[in-house]
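Structure record follows, encoded as C-alpha coordinates.
The values are calculated or read from the model by the stated rules, or taken from the named source; none is laboratory data. All figures in this text were calculated on a predicted structure; none of them were measured in a lab. Cβ atoms come from the backbone with ideal geometry, glycine included; neighbour counts cover every protein chain shown.
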Amino acid sequence: MTNHQTNANIVQNSWKKIVLLNFFGWIFIYADRTILNPIMPNIQSHFDLNNSQLGLISSVFFLTYTFAQIPFAAIADYLGKKWVIGLGFVFFGLMTLLSGIVTTFGLFLLMRALTGIGEGTFYGPSFSLASENIPTKKLTFGTALINSGQAFGQAAGTLLSSFLVLQYNMHWSSPFIIISIPTVLVGLMYLIFVNEKRRLKNLESNNLHSTMYQNSNNELIKIDVKALFNKNLILTYLLLFASIYGQIAMLTWLPQFLITDRGISGASVGWIASIVPFASIPSSLIFARINDKLSNPKLLLYILIPIAALALMIGMSINSYPVLIIALLVYGFTGKMAIDPILLYTVNKNAKANQLSTTLGVYNFFGMIASILAPYLTGVFIDLTGSMVIGFYFSAILLILGLVGFSFVKYEK
(Lines give C-alpha, C1' and ligand atoms only; values in the text may rest on other atoms or scores of the structure.)
Protein backbone atom coordinates (compact mmCIF):
# COMPACT_ATOMS: atom_id res chain seq x y z
CA MET A 1 0.00 0.00 0.00
CA THR A 2 1.36 3.43 -0.96
CA ASN A 3 1.85 6.29 1.48
CA HIS A 4 -0.94 8.18 -0.24
CA GLN A 5 -3.37 5.27 0.30
CA THR A 6 -2.29 4.94 3.92
CA ASN A 7 -2.86 8.65 4.53
CA ALA A 8 -6.27 8.47 2.83
CA ASN A 9 -7.29 5.60 5.13
CA ILE A 10 -6.15 7.56 8.17
CA VAL A 11 -8.33 10.52 7.11
CA GLN A 12 -11.28 8.23 6.36
CA ASN A 13 -11.17 6.73 9.87
CA SER A 14 -10.18 9.95 11.63
CA TRP A 15 -13.19 12.05 10.66
CA LYS A 16 -15.68 9.33 11.65
CA LYS A 17 -13.99 8.97 15.03
CA ILE A 18 -14.14 12.72 15.59
CA VAL A 19 -17.82 12.91 14.56
CA LEU A 20 -18.62 10.14 17.06
CA LEU A 21 -16.67 11.71 19.93
CA ASN A 22 -18.15 15.16 19.27
CA PHE A 23 -21.61 13.58 19.15
CA PHE A 24 -21.12 12.06 22.61
CA GLY A 25 -19.53 15.29 23.81
CA TRP A 26 -22.73 17.17 23.05
CA ILE A 27 -24.83 14.45 24.66
CA PHE A 28 -23.18 14.87 28.05
CA ILE A 29 -22.92 18.65 27.84
CA TYR A 30 -26.67 18.94 27.25
CA ALA A 31 -27.53 16.17 29.68
CA ASP A 32 -25.65 18.10 32.37
CA ARG A 33 -27.54 21.30 31.49
CA THR A 34 -31.00 19.73 31.42
CA ILE A 35 -30.88 17.51 34.51
CA LEU A 36 -31.42 20.72 36.46
CA ASN A 37 -34.65 21.76 34.76
CA PRO A 38 -37.25 19.18 35.87
CA ILE A 39 -36.01 19.39 39.48
CA MET A 40 -36.00 23.19 39.73
CA PRO A 41 -39.00 23.11 42.14
CA ASN A 42 -37.07 20.67 44.37
CA ILE A 43 -33.99 22.88 44.38
CA GLN A 44 -36.13 25.97 44.92
CA SER A 45 -37.74 24.37 47.96
CA HIS A 46 -34.46 22.93 49.28
CA PHE A 47 -32.63 26.28 49.22
CA ASP A 48 -35.76 28.48 49.72
CA LEU A 49 -35.31 30.50 46.51
CA ASN A 50 -37.51 32.93 44.57
CA ASN A 51 -37.87 32.61 40.78
CA SER A 52 -35.15 35.16 40.03
CA GLN A 53 -32.67 33.28 42.25
CA LEU A 54 -33.74 30.03 40.62
CA GLY A 55 -33.03 31.44 37.16
CA LEU A 56 -29.69 32.71 38.46
CA ILE A 57 -28.42 29.10 38.72
CA SER A 58 -28.46 28.67 34.94
CA SER A 59 -27.35 32.25 34.31
CA VAL A 60 -24.21 31.84 36.46
CA PHE A 61 -23.40 28.58 34.67
CA PHE A 62 -23.78 30.16 31.24
CA LEU A 63 -21.86 33.27 32.30
CA THR A 64 -18.66 31.31 32.93
CA TYR A 65 -19.36 29.01 29.96
CA THR A 66 -19.67 32.00 27.64
CA PHE A 67 -16.55 33.83 28.77
CA ALA A 68 -14.51 30.62 28.57
CA GLN A 69 -15.23 30.29 24.82
CA ILE A 70 -12.69 32.63 23.27
CA PRO A 71 -9.63 31.97 25.48
CA PHE A 72 -9.98 28.20 25.26
CA ALA A 73 -10.60 28.35 21.48
CA ALA A 74 -7.43 30.41 21.05
CA ILE A 75 -5.45 28.03 23.31
CA ALA A 76 -6.72 25.10 21.23
CA ASP A 77 -5.45 26.73 18.02
CA TYR A 78 -2.03 26.98 19.64
CA LEU A 79 -1.60 23.89 21.86
CA GLY A 80 -3.93 21.36 20.27
CA LYS A 81 -7.65 20.77 20.37
CA LYS A 82 -7.78 17.28 21.87
CA TRP A 83 -5.94 18.40 25.03
CA VAL A 84 -8.22 21.35 25.61
CA ILE A 85 -11.38 19.28 25.06
CA GLY A 86 -10.20 16.18 26.94
CA LEU A 87 -8.93 17.93 30.06
CA GLY A 88 -11.93 20.27 29.97
CA PHE A 89 -14.33 17.33 30.02
CA VAL A 90 -12.58 15.66 32.94
CA PHE A 91 -12.81 18.92 34.89
CA PHE A 92 -16.46 19.50 33.94
CA GLY A 93 -17.37 15.96 35.01
CA LEU A 94 -15.73 16.42 38.41
CA MET A 95 -17.53 19.74 38.97
CA THR A 96 -20.84 18.10 38.03
CA LEU A 97 -20.16 15.47 40.69
CA LEU A 98 -19.46 18.17 43.29
CA SER A 99 -22.67 19.97 42.26
CA GLY A 100 -24.58 17.03 43.69
CA ILE A 101 -22.54 16.87 46.89
CA VAL A 102 -22.33 20.45 48.20
CA THR A 103 -24.81 21.49 50.88
CA THR A 104 -25.24 25.28 50.54
CA PHE A 105 -26.69 27.41 47.75
CA GLY A 106 -23.52 29.51 47.51
CA LEU A 107 -21.35 26.43 46.97
CA PHE A 108 -23.88 25.00 44.52
CA LEU A 109 -23.67 28.22 42.47
CA LEU A 110 -19.87 28.02 42.58
CA MET A 111 -19.85 24.41 41.32
CA ARG A 112 -22.22 25.31 38.49
CA ALA A 113 -19.95 28.23 37.57
CA LEU A 114 -16.90 25.93 37.48
CA THR A 115 -18.86 23.38 35.45
CA GLY A 116 -19.53 26.12 32.92
CA ILE A 117 -15.79 26.76 32.59
CA GLY A 118 -15.19 23.06 31.92
CA GLU A 119 -17.88 22.93 29.22
CA GLY A 120 -16.51 26.14 27.72
CA THR A 121 -13.52 24.20 26.40
CA PHE A 122 -15.63 22.26 23.91
CA TYR A 123 -17.42 24.34 21.29
CA GLY A 124 -14.74 26.07 19.22
CA PRO A 125 -12.12 23.30 19.40
CA SER A 126 -14.62 20.51 18.67
CA PHE A 127 -16.19 22.11 15.60
CA SER A 128 -12.79 23.23 14.37
CA LEU A 129 -11.58 19.63 14.67
CA ALA A 130 -14.66 18.50 12.73
CA SER A 131 -14.24 21.13 10.01
CA GLU A 132 -10.59 20.19 9.55
CA ASN A 133 -11.27 16.48 9.18
CA ILE A 134 -14.72 15.93 7.67
CA PRO A 135 -14.63 15.68 3.83
CA THR A 136 -16.08 18.75 2.12
CA LYS A 137 -19.07 16.98 0.57
CA LYS A 138 -20.09 15.61 3.97
CA LEU A 139 -19.31 18.67 6.09
CA THR A 140 -22.81 20.03 6.69
CA PHE A 141 -24.32 16.58 7.18
CA GLY A 142 -21.47 15.57 9.49
CA THR A 143 -22.00 18.76 11.49
CA ALA A 144 -25.70 17.94 11.76
CA LEU A 145 -24.87 14.46 13.05
CA ILE A 146 -22.65 16.02 15.71
CA ASN A 147 -25.33 18.58 16.60
CA SER A 148 -27.94 15.84 17.00
CA GLY A 149 -26.06 14.87 20.15
CA GLN A 150 -27.48 18.06 21.67
CA ALA A 151 -31.01 16.74 21.17
CA PHE A 152 -30.19 13.30 22.59
CA GLY A 153 -28.52 15.00 25.55
CA GLN A 154 -31.50 17.25 26.21
CA ALA A 155 -33.83 14.27 26.21
CA ALA A 156 -31.49 12.11 28.31
CA GLY A 157 -30.96 14.76 30.99
CA THR A 158 -34.63 15.70 31.21
CA LEU A 159 -35.82 12.10 31.38
CA LEU A 160 -33.12 11.08 33.87
CA SER A 161 -34.13 13.77 36.36
CA SER A 162 -37.84 13.24 35.79
CA PHE A 163 -37.68 9.51 36.46
CA LEU A 164 -35.21 9.53 39.34
CA VAL A 165 -36.52 12.54 41.25
CA LEU A 166 -40.12 13.21 40.16
CA GLN A 167 -41.18 9.60 39.56
CA TYR A 168 -39.11 7.62 42.07
CA ASN A 169 -38.55 10.38 44.67
CA MET A 170 -34.77 10.13 44.79
CA HIS A 171 -32.80 13.12 46.10
CA TRP A 172 -32.42 15.97 43.61
CA SER A 173 -28.63 15.57 43.68
CA SER A 174 -28.64 12.01 42.29
CA PRO A 175 -28.78 12.97 38.55
CA PHE A 176 -25.69 15.17 38.95
CA ILE A 177 -23.71 12.36 40.53
CA ILE A 178 -24.79 9.78 37.93
CA ILE A 179 -24.08 11.92 34.85
CA SER A 180 -20.60 12.90 36.05
CA ILE A 181 -19.09 9.44 35.52
CA PRO A 182 -19.58 9.03 31.73
CA THR A 183 -18.63 12.70 31.30
CA VAL A 184 -15.14 12.04 32.68
CA LEU A 185 -14.86 8.95 30.46
CA VAL A 186 -15.60 10.98 27.32
CA GLY A 187 -12.79 13.37 28.24
CA LEU A 188 -10.37 10.49 28.61
CA MET A 189 -11.45 9.10 25.23
CA TYR A 190 -10.51 12.39 23.53
CA LEU A 191 -7.05 12.23 25.08
CA ILE A 192 -6.54 8.58 24.08
CA PHE A 193 -8.14 8.25 20.64
CA VAL A 194 -7.70 11.62 18.88
CA ASN A 195 -4.38 12.09 17.12
CA GLU A 196 -4.11 15.55 15.63
CA LYS A 197 -0.67 14.79 14.14
CA ARG A 198 -2.34 12.65 11.49
CA ARG A 199 -3.83 15.65 9.70
CA LEU A 200 -2.41 16.05 6.21
CA LYS A 201 -0.67 18.97 4.58
CA ASN A 202 -1.97 18.26 1.11
CA LEU A 203 -5.59 19.29 1.54
CA GLU A 204 -7.00 19.22 -1.97
CA SER A 205 -5.69 15.76 -2.86
CA ASN A 206 -7.47 14.25 0.14
CA ASN A 207 -10.76 16.08 -0.34
CA LEU A 208 -10.61 17.74 3.05
CA HIS A 209 -12.34 20.95 3.98
CA SER A 210 -10.42 23.98 2.80
CA THR A 211 -10.04 25.43 6.30
CA MET A 212 -7.62 22.70 7.43
CA TYR A 213 -4.12 23.84 8.21
CA GLN A 214 -0.98 22.41 9.74
CA ASN A 215 0.60 24.00 12.79
CA SER A 216 3.08 21.27 13.58
CA ASN A 217 5.60 23.64 15.17
CA ASN A 218 2.98 25.10 17.55
CA GLU A 219 3.87 28.55 16.30
CA LEU A 220 1.90 31.33 17.94
CA ILE A 221 -0.93 32.40 15.64
CA LYS A 222 -1.57 36.13 15.30
CA ILE A 223 -5.29 36.77 15.64
CA ASP A 224 -6.82 38.92 12.91
CA VAL A 225 -9.50 40.68 14.97
CA LYS A 226 -11.01 42.46 11.97
CA ALA A 227 -11.61 39.12 10.24
CA LEU A 228 -13.59 37.94 13.28
CA PHE A 229 -16.09 40.76 12.81
CA ASN A 230 -16.91 41.09 9.14
CA LYS A 231 -20.54 41.92 8.34
CA ASN A 232 -21.61 38.36 7.53
CA LEU A 233 -20.16 37.00 10.75
CA ILE A 234 -21.69 39.73 12.93
CA LEU A 235 -25.17 39.06 11.49
CA THR A 236 -24.62 35.33 12.03
CA TYR A 237 -23.64 35.97 15.65
CA LEU A 238 -26.85 37.96 16.19
CA LEU A 239 -29.10 35.26 14.77
CA LEU A 240 -27.34 32.65 16.90
CA PHE A 241 -27.99 34.90 19.93
CA ALA A 242 -31.71 34.97 19.13
CA SER A 243 -31.99 31.23 18.52
CA ILE A 244 -30.07 30.33 21.69
CA TYR A 245 -32.15 32.74 23.78
CA GLY A 246 -35.30 30.88 22.76
CA GLN A 247 -33.71 27.48 23.23
CA ILE A 248 -32.37 28.24 26.72
CA ALA A 249 -35.61 29.88 27.86
CA MET A 250 -37.39 26.73 26.70
CA LEU A 251 -34.87 24.31 28.22
CA THR A 252 -34.74 26.11 31.56
CA TRP A 253 -38.37 26.96 32.17
CA LEU A 254 -40.50 24.50 30.15
CA PRO A 255 -40.52 21.77 32.86
CA GLN A 256 -41.47 24.38 35.49
CA PHE A 257 -44.15 25.71 33.11
CA LEU A 258 -45.58 22.21 32.66
CA ILE A 259 -45.71 21.65 36.42
CA THR A 260 -47.06 25.03 37.58
CA ASP A 261 -49.11 26.31 34.63
CA ARG A 262 -50.39 23.08 33.09
CA GLY A 263 -50.58 20.82 36.18
CA ILE A 264 -48.47 18.02 34.69
CA SER A 265 -46.48 15.85 37.09
CA GLY A 266 -44.10 12.90 37.39
CA ALA A 267 -42.27 11.39 34.42
CA SER A 268 -44.80 13.01 32.05
CA VAL A 269 -42.90 16.28 32.55
CA GLY A 270 -39.76 14.66 31.15
CA TRP A 271 -41.51 13.08 28.19
CA ILE A 272 -43.30 16.27 27.15
CA ALA A 273 -40.19 18.43 27.60
CA SER A 274 -38.30 15.91 25.44
CA ILE A 275 -40.61 16.46 22.48
CA VAL A 276 -38.54 19.45 21.32
CA PRO A 277 -35.16 17.65 21.17
CA PHE A 278 -36.67 14.47 19.68
CA ALA A 279 -38.37 16.49 16.93
CA SER A 280 -35.14 18.33 16.19
CA ILE A 281 -33.10 15.19 15.43
CA PRO A 282 -34.59 14.38 11.99
CA SER A 283 -35.05 18.04 11.08
CA SER A 284 -31.39 18.93 11.62
CA LEU A 285 -30.32 16.08 9.33
CA ILE A 286 -32.95 16.83 6.68
CA PHE A 287 -32.21 20.54 6.50
CA ALA A 288 -28.46 19.90 6.54
CA ARG A 289 -28.89 17.79 3.38
CA ILE A 290 -31.00 20.52 1.78
CA ASN A 291 -28.45 23.16 2.80
CA ASP A 292 -25.69 21.25 0.98
CA LYS A 293 -27.65 21.62 -2.26
CA LEU A 294 -28.49 25.34 -1.96
CA SER A 295 -26.33 28.18 -3.22
CA ASN A 296 -28.07 30.56 -0.80
CA PRO A 297 -28.99 28.53 2.30
CA LYS A 298 -30.49 31.49 4.15
CA LEU A 299 -33.62 30.94 2.04
CA LEU A 300 -34.35 28.01 4.36
CA LEU A 301 -34.34 30.37 7.33
CA TYR A 302 -37.12 32.47 5.79
CA ILE A 303 -39.35 29.41 6.17
CA LEU A 304 -38.09 27.85 9.40
CA ILE A 305 -37.76 30.82 11.75
CA PRO A 306 -41.26 32.38 11.32
CA ILE A 307 -42.82 28.95 11.86
CA ALA A 308 -40.69 28.38 14.99
CA ALA A 309 -41.60 31.79 16.44
CA LEU A 310 -45.32 31.26 15.77
CA ALA A 311 -45.27 27.78 17.33
CA LEU A 312 -43.56 29.15 20.43
CA MET A 313 -46.20 31.84 20.93
CA ILE A 314 -49.22 29.66 20.22
CA GLY A 315 -48.08 26.67 22.29
CA MET A 316 -47.37 28.70 25.40
CA SER A 317 -50.45 30.96 25.28
CA ILE A 318 -53.29 28.57 24.41
CA ASN A 319 -54.26 26.36 27.34
CA SER A 320 -54.83 23.18 25.36
CA TYR A 321 -52.89 19.95 25.78
CA PRO A 322 -53.08 18.90 22.08
CA VAL A 323 -52.09 22.42 20.95
CA LEU A 324 -49.11 22.34 23.33
CA ILE A 325 -47.90 18.99 21.98
CA ILE A 326 -48.22 20.07 18.33
CA ALA A 327 -46.53 23.41 19.03
CA LEU A 328 -43.58 21.73 20.74
CA LEU A 329 -43.22 19.31 17.81
CA VAL A 330 -43.25 22.17 15.32
CA TYR A 331 -40.83 24.29 17.37
CA GLY A 332 -38.46 21.33 17.73
CA PHE A 333 -38.59 20.64 13.99
CA THR A 334 -37.98 24.25 12.93
CA GLY A 335 -36.05 25.81 15.85
CA LYS A 336 -32.41 26.15 16.84
CA MET A 337 -31.26 22.65 15.97
CA ALA A 338 -32.66 22.94 12.44
CA ILE A 339 -30.87 26.22 11.70
CA ASP A 340 -27.57 25.37 13.42
CA PRO A 341 -25.95 23.66 10.39
CA ILE A 342 -26.83 26.68 8.23
CA LEU A 343 -25.23 29.12 10.67
CA LEU A 344 -22.12 26.96 11.04
CA TYR A 345 -21.88 26.71 7.26
CA THR A 346 -21.96 30.52 7.12
CA VAL A 347 -19.19 30.79 9.73
CA ASN A 348 -17.02 28.31 7.82
CA LYS A 349 -17.54 30.31 4.63
CA ASN A 350 -16.45 33.56 6.28
CA ALA A 351 -13.73 32.52 8.77
CA LYS A 352 -9.99 32.73 8.09
CA ALA A 353 -8.47 29.26 7.79
CA ASN A 354 -5.79 29.64 10.45
CA GLN A 355 -8.17 30.92 13.13
CA LEU A 356 -11.28 28.83 12.57
CA SER A 357 -11.35 27.58 16.17
CA THR A 358 -11.06 31.15 17.45
CA THR A 359 -13.82 32.33 15.08
CA LEU A 360 -16.10 29.54 16.28
CA GLY A 361 -15.28 30.52 19.85
CA VAL A 362 -16.27 34.14 19.16
CA TYR A 363 -19.42 32.93 17.35
CA ASN A 364 -20.49 30.81 20.29
CA PHE A 365 -19.44 33.51 22.76
CA PHE A 366 -21.89 36.02 21.33
CA GLY A 367 -24.58 33.39 20.96
CA MET A 368 -24.17 32.16 24.51
CA ILE A 369 -24.55 35.65 25.97
CA ALA A 370 -28.23 34.88 25.38
CA SER A 371 -27.95 31.85 27.65
CA ILE A 372 -26.78 34.13 30.47
CA LEU A 373 -29.74 36.44 30.05
CA ALA A 374 -32.57 34.00 29.21
CA PRO A 375 -32.88 32.05 32.51
CA TYR A 376 -32.64 35.12 34.74
CA LEU A 377 -34.80 37.44 32.61
CA THR A 378 -37.52 34.82 32.30
CA GLY A 379 -37.46 34.44 36.09
CA VAL A 380 -37.78 38.22 36.45
CA PHE A 381 -40.74 38.22 34.01
CA ILE A 382 -42.40 35.53 36.13
CA ASP A 383 -41.87 37.45 39.38
CA LEU A 384 -43.23 40.65 37.78
CA THR A 385 -46.23 39.23 35.91
CA GLY A 386 -46.93 35.91 37.60
CA SER A 387 -46.79 34.16 34.21
CA MET A 388 -44.13 32.58 32.00
CA VAL A 389 -45.94 33.41 28.75
CA ILE A 390 -44.40 36.88 28.35
CA GLY A 391 -40.92 35.32 28.52
CA PHE A 392 -41.71 32.98 25.62
CA TYR A 393 -43.24 35.85 23.60
CA PHE A 394 -40.01 37.77 24.05
CA SER A 395 -38.05 34.76 22.71
CA ALA A 396 -40.24 34.62 19.59
CA ILE A 397 -39.79 38.34 18.87
CA LEU A 398 -36.00 38.01 19.16
CA LEU A 399 -36.05 35.21 16.58
CA ILE A 400 -37.83 37.40 14.04
CA LEU A 401 -35.46 40.32 14.66
CA GLY A 402 -32.46 37.99 14.21
CA LEU A 403 -33.87 36.79 10.88
CA VAL A 404 -34.33 40.36 9.64
CA GLY A 405 -30.66 41.05 10.34
CA PHE A 406 -29.49 37.80 8.75
CA SER A 407 -31.34 38.65 5.53
CA PHE A 408 -28.45 41.02 4.73
CA VAL A 409 -25.88 38.18 4.71
CA LYS A 410 -24.43 37.52 1.26
CA TYR A 411 -22.82 34.29 0.05
CA GLU A 412 -20.06 34.35 -2.55
CA LYS A 413 -20.84 32.40 -5.70
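Condition first: crowded, with 20+ Cβ neighbours inside 10 Å and over 21 Å from I281 (Cβ atoms). Now tell me which residues in the stretch 139-172 satisfy that.
Result: L164, V165, L166, W172.
Only one of these conditions is not met by G263: (1) assigned to a loop (DSSP other than H, G, I, E, B); (2) in contact with a Gly (Cβ under 9 Å, 6 or more places away or on another chain); (3) not β-branched (V, I, T). Which number is it?
Unmet condition: (2).
Against the definition (in contact (Cβ under 8 Å) with a residue 24 or more places away in the chain, closer than 29 Å to D77 by Cα and among the hydrophobic types (A, V, I, L, M, F, W, C)), how does A113 come out, yes or no? Can you show your working first?
Values: in contact (Cβ under 8 Å) with a residue 24 or more places away in the chain: yes; closer than 29 Å to D77 by Cα: yes; among the hydrophobic types (A, V, I, L, M, F, W, C): yes.
Taking the combined requirement at face value, the residue satisfies it.
Quick check on A370: is it at pLDDT 85 or above, of a type in the set (A, V, I, L, M, F, W, C), under 22 Å from the mean Cα position of the chain (by Cα) and more than 30 Å from K226 (Cβ to Cβ)?
Values: at pLDDT 85 or above: yes; of a type in the set (A, V, I, L, M, F, W, C): yes; under 22 Å from the mean Cα position of the chain (by Cα): yes; more than 30 Å from K226 (Cβ to Cβ): no.
When the stated conditions are applied, A370 does not pass them.
If we keep just the residues of the stretch 118-138 that are in a helix (DSSP H, G or I) and small (G, A, S), which is surrounded by the fewest Cβ atoms within 10 Å (Cβ to Cβ)?
Taking the stretch 118-138 as the starting set, the residues that turn out to be in a helix (DSSP H, G or I) are 118-119, 123-133, 136-138.
Checking which are small (G, A, S) leaves us with 118, 124, 126, 128, 130-131.
On the way: G118: 26, G124: 32, S126: 27, S128: 25, A130: 23, S131: 25.
Out of the qualifying residues, it is A130.
Results for (1) within 17 Å of the chain's Cα centre (by Cα); (2) under 30 Å from K138 (Cα atoms); (3) among the small types (G, A, S), shown as yes or no for each residue.
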site: M313; (1), (2), (3): no, no, no
site: P322; (1), (2), (3): no, no, no
site: I339; (1), (2), (3): yes, yes, no
site: V347; (1), (2), (3): yes, yes, no
site: L356; (1), (2), (3): no, yes, no
site: Y376; (1), (2), (3): no, no, no
site: V380; (1), (2), (3): no, no, no
site: F392; (1), (2), (3): no, no, no
site: V409; (1), (2), (3): no, yes, no
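This table checks each residue for (1) of a type in the set (V, I, T); (2) part of a helix (DSSP H, G or I); (3) within 21 Å of V276 (Cα to Cα).
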position	(1), (2), (3)
F141	no, yes, yes
A144	no, yes, yes
F152	no, yes, yes
L166	no, yes, yes
H171	no, no, no
I177	yes, yes, no
V184	yes, yes, no
L188	no, yes, no
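Which ones in the stretch 58-104 are touching a Phe, Trp or Tyr at 6+ places or on another chain (Cβ under 6 Å) and without any contact (Cβ under 8 Å) to a residue 60 or more places away in the chain?
Listed by number, the residues that qualify are V84, V102.
Tell me which residues, restricted to the stretch 221-231, are more than 21 Å from the chain's Cα centre (by Cα) and in a helix (DSSP H, G or I). Give the derivation first.
Residues of the stretch 221-231 that are more than 21 Å from the chain's Cα centre (by Cα), as a first pass: 221-227, 229-231.
Answer for the stretch 221-231, where residues must be more than 21 Å from the chain's Cα centre (by Cα) and in a helix (DSSP H, G or I): V225, K226, A227, K231.
Which ones in the stretch 276-286 are surrounded by fewer than 20 Cβ atoms within 10 Å (Cβ to Cβ) and of a type in the set (A, V, I, L, M, F, W, C)? Walk me through how you get there before you give the answer.
From the stretch 276-286, those surrounded by fewer than 20 Cβ atoms within 10 Å (Cβ to Cβ) are 278, 282, 285-286; that's our starting set.
Correct list: F278, L285, I286.
Tell me which of these A144 doesn't satisfy, since it passes every other one: (1) among the small types (G, A, S); (2) in contact with a Pro (Cβ under 6 Å, 6 or more places away or on another chain); (3) under 22 Å from N195 (Cβ atoms).
Failed condition: (3).
Restricting the first residue to the stretch 148-172 and requiring it to be closer than 19 Å to H46 by Cα, which pairs with a second residue that is among the aromatic types (F, W, Y) meet a Cβ separation below 6 Å and a spacing of at least six or different chains?
Sorted first by the residue in the stretch 148-172, then by its partner, the pairs are V165/W172.
For residues that are of a type outside the set (S, T, N, Q) and either touching a residue at least 60 places away in the same chain (Cβ under 8 Å) or touching an Asp or Glu at 6+ places or on another chain (Cβ under 8 Å) (or both), tally how many sit in the stretch 288-314.
Pass one, the stretch 288-314, residues of a type outside the set (S, T, N, Q): 288-290, 292-294, 297-314.
Next, from what is left, pick out any that are either touching a residue at least 60 places away in the same chain (Cβ under 8 Å) or touching an Asp or Glu at 6+ places or on another chain (Cβ under 8 Å) (or both): 288-289, 292, 297-298, 301-302, 305-306, 308-310, 312-313.
The qualifying residues number 14.
Of the residues that sit in the stretch 237-275 and are surrounded by 20 or more Cβ atoms within 10 Å (Cβ to Cβ) and of a type in the set (S, T, N, Q), which one is farthest from the chain's Cα centre (by Cα)?
Per the stated criteria, the residue is Q256.
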